[in-house]
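Below is one structure, written out as structure tokens; the observations come after it.
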Amino acid sequence: MSEAGVAKRYPEVWRRRSPRESALGWLWTATIALAAAWSVSALDIEWAFFADAHVQALDLVQRMWPPRWSYLPTIVRPLIETLHIATLGTAIALVLSVPLAFLAARNTTANGLTWAIGRALLVASRSVNTVIWGLVFVAIFGPGPVAGIAAVAARSVGFLAKLMAEAIEEADRGQIEAVQATGASTAQVYLAAVLPQVMPVLIGTTIYRWDINVRESSVLGFVGAGGIGLYLYASINQFAWQQVLVVLTTILVVVLLSEALSAYARARIT
Amino acid sequence: MSAAAYPTVWRPPALFGSRTRQRIAVSCGIAYFVWSIIDLNVDVARMLAGFPRALNMLGRMFPPDFGRWALLLDGMVESLQMALAATLVGALLSVPLGLAAARNLAPKPIYVVARGFIVLGRTLHEVIIAIFCVKLFGFGPVAGLITLGFASAVFLAKMLAEDIENVRLGPVEAIRATGAGFGQMVTYSIVPQVLARTVGMLIYRLDANVRHSTVIGIVGAGGIGQTLSASFSRYDYDFSAAILLSIIALVALGEGFSDWVRRKLR
């Protein structure tokens, strides 16, 4: 190799990125800028609304203060109902997610078709938001907590099953082979070798999902699926802002408490 | 030492410290569970009546009606735009908020305020925030944009703050030792350490925003949720089915894209 060739390959000045890398970087930046311009321009932003937003906000705050604490006894029952919806929905999701996870994990599913079905169910469950599931189940069961429980369960099944399926796929082969070597049937292998391995993941994600569900079920009432959301929505529609503040505060407290409880329990378990 | 002190049968380790505490925790859990079933007073007859209705509804959902595809497309594009713009707004806002909420960078009072803001912002559901934004900014996608932008900013700031708290201190000290100011220190020692994970989080948030953008329309904040909610209240179930299928397809695509990008980044 000639002297000039070496000098060309090893430049004098250090640069962090090769020309190709920096070109790619600029390309990404340009793409993002274009996407931003497209998305903002097409949203038809009415800037006039921004101009008086702070006035509106101040007005709202003044209407909210002082909170009407006498409303508190009315919303204790719905708050408990909200917690019940989250708990029962999570419980149903837990029961349903175990078989679904085995169906959707590559190493435990029967064949390609069952795997595809399992994956499709996972995606469908996870893609649809809890509140939209709420809309569907209110149409089926009528308004009330049952629709809320079904909605929470429908959304959580996919979440729990997805994480559990990933844990199953990462399960230790050795233990599975050991149980197989004893002549165990497939079901026995799943029960004795796979399930104990994924149990910590299952319990941990279930508790985690429960506290997400408490937060989700606080708004299920907007579509008529029970819980505190109904009272929040009614108070807003009646412009009873002092009640709204009370409801918001209680939701805040309940969600924070459930989050703390869930974090504590998970820290103890895993 | 007697042999009795060493148990001959293996038992799994107890949760919550001791076996008694574990029993108490588990029985409290079961008691609450039973109470919740009794307390809700579920009307079984009405629940059973729901199943034929579910079949009926499924029947009316099939075949999904893609005839009004123009309306559907409008809503989907609006949702997508809301999600994109909100992710960008959130990303921009999350940088100062994340820096302020990092224990090892920010002065104590600023840290406490920023953390408090993040905790409060994460607690309230997007739909609740959306209601207020609709009150403040009127119906339409702007309210949705601000809701999702706020939620993204809080989420990304939390993740960013945690990443910053976990950076290795060596590079930070090295840059400081050269006499660099705060801005230079952040640019040259912290940014390189947190950039990859932050971009990953950003992509994840984009995907989450697509999912959330489909729901905040229910309270009037624009996007496909508004169309979906309207179709449900008109018992237009075949159109609802078409919308639901499109949402599932969009979210699945978004998730696939997000997985792909994050795998590339690793």
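When residues in region A:201-238 are screened for being part of a loop (DSSP other than H, G, I, E, B) and more than 10 Å from every other protein chain (Cβ to nearest Cβ), 5 of them pass. Against the list (1) assigned to a helix (DSSP H, G or I); (2) within 31 Å of the chain's Cα centre (by Cα), the condition B:Val42 fails is (1). For region B:180-211, a residue qualifies if it is of a type in the set (Val, Ile, Thr), over 17 Å from the mean Cα position of the chain (by Cα) and surrounded by fewer than 17 Cβ atoms within 10 Å (Cβ to Cβ), and the qualifying residues are B:Thr187, B:Val191. Here the condition is being away from chain B (no Cβ under 14 Å) and touching a Ser or Thr at 6+ places or on another chain (Cβ under 8 Å); of A:Ser156, A:Ser185, it holds for A:Ser156 alone.
In this structure, is A:Ala151 more than 21 Å from A:Ala86 (Cβ to Cβ) and out of contact with any strand residue (DSSP E or B) (no Cβ under 6 Å at 6 or more places or on another chain)? In short, no.
Cβ-Cβ contacts under 9 Å between residues 6 or more apart (or on different chains), taken from a first residue in region B:28-42 that is within 7 Å of chain A (Cβ to nearest Cβ) to a second residue that is part of a loop (DSSP other than H, G, I, E, B), are listed as B:Leu40/A:Gly226; B:Val42/A:Gly144.
Condition check ((1) more than 23 Å from B:Thr123 (Cβ to Cβ); (2) buried (at least 20 other Cβ atoms within 10 Å of the Cβ); (3) not aromatic (Phe, Trp, Tyr)) across all residues:
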{"site": "A:Asp172", "(1), (2), (3)": "yes, no, yes"}
{"site": "A:Glu177", "(1), (2), (3)": "yes, no, yes"}
{"site": "A:Leu195", "(1), (2), (3)": "yes, no, yes"}
{"site": "A:Leu220", "(1), (2), (3)": "no, yes, yes"}
{"site": "A:Ala234", "(1), (2), (3)": "no, no, yes"}
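Select from region A:239-270 the residues that are of a type in the set (S, T, N, Q) and closer than 19 Å to A:Arg77 by Cβ and write down the one among them that is farthest from the other protein chains (Cβ to nearest Cβ).
This residue is A:Gln243.
Taking the criterion of being polar (S, T, N, Q) and in a helix (DSSP H, G or I), the residues of region B:210-266 that qualify are B:Ser213, B:Gln226, B:Thr227, B:Ser229, B:Ser231, B:Ser233, B:Ser240, B:Ser246, B:Ser258. Within region A:188-195, is there a residue that is within 14 Å of another protein chain (Cβ to nearest Cβ) and polar (S, T, N, Q)? The answer is no, given that none of the residues of region A:188-195 is within 14 Å of another protein chain (Cβ to nearest Cβ) and polar (S, T, N, Q). Only a single item in (1) loosely packed, with under 13 Cβ neighbours inside 10 Å; (2) among the aromatic types (Phe, Trp, Tyr); (3) at pLDDT 80 or above is not met by B:Phe62, and it is number (3). Of the residues examined, A:Leu202 is not one that is surrounded by fewer than 24 Cβ atoms within 10 Å (Cβ to Cβ), of a type in the set (A, V, I, L, M) and without any contact (Cβ under 8 Å) to a residue 60 or more places away in the chain. Scanning region B:219-261 for residues that are under 20 Å from the mean Cα position of the chain (by Cα) and surrounded by fewer than 18 Cβ atoms within 10 Å (Cβ to Cβ), we see that the one that is nearest to the other protein chains (Cβ to nearest Cβ) is B:Ala252.
The values are calculated or read from the model by the stated rules, or taken from the named source; none is laboratory data. Just so it is clear, the structure is predicted and the values come from calculations on it, not from any experiment. Cβ: placed from backbone, ideal geometry, glycine included. Neighbour counts: every protein chain shown.
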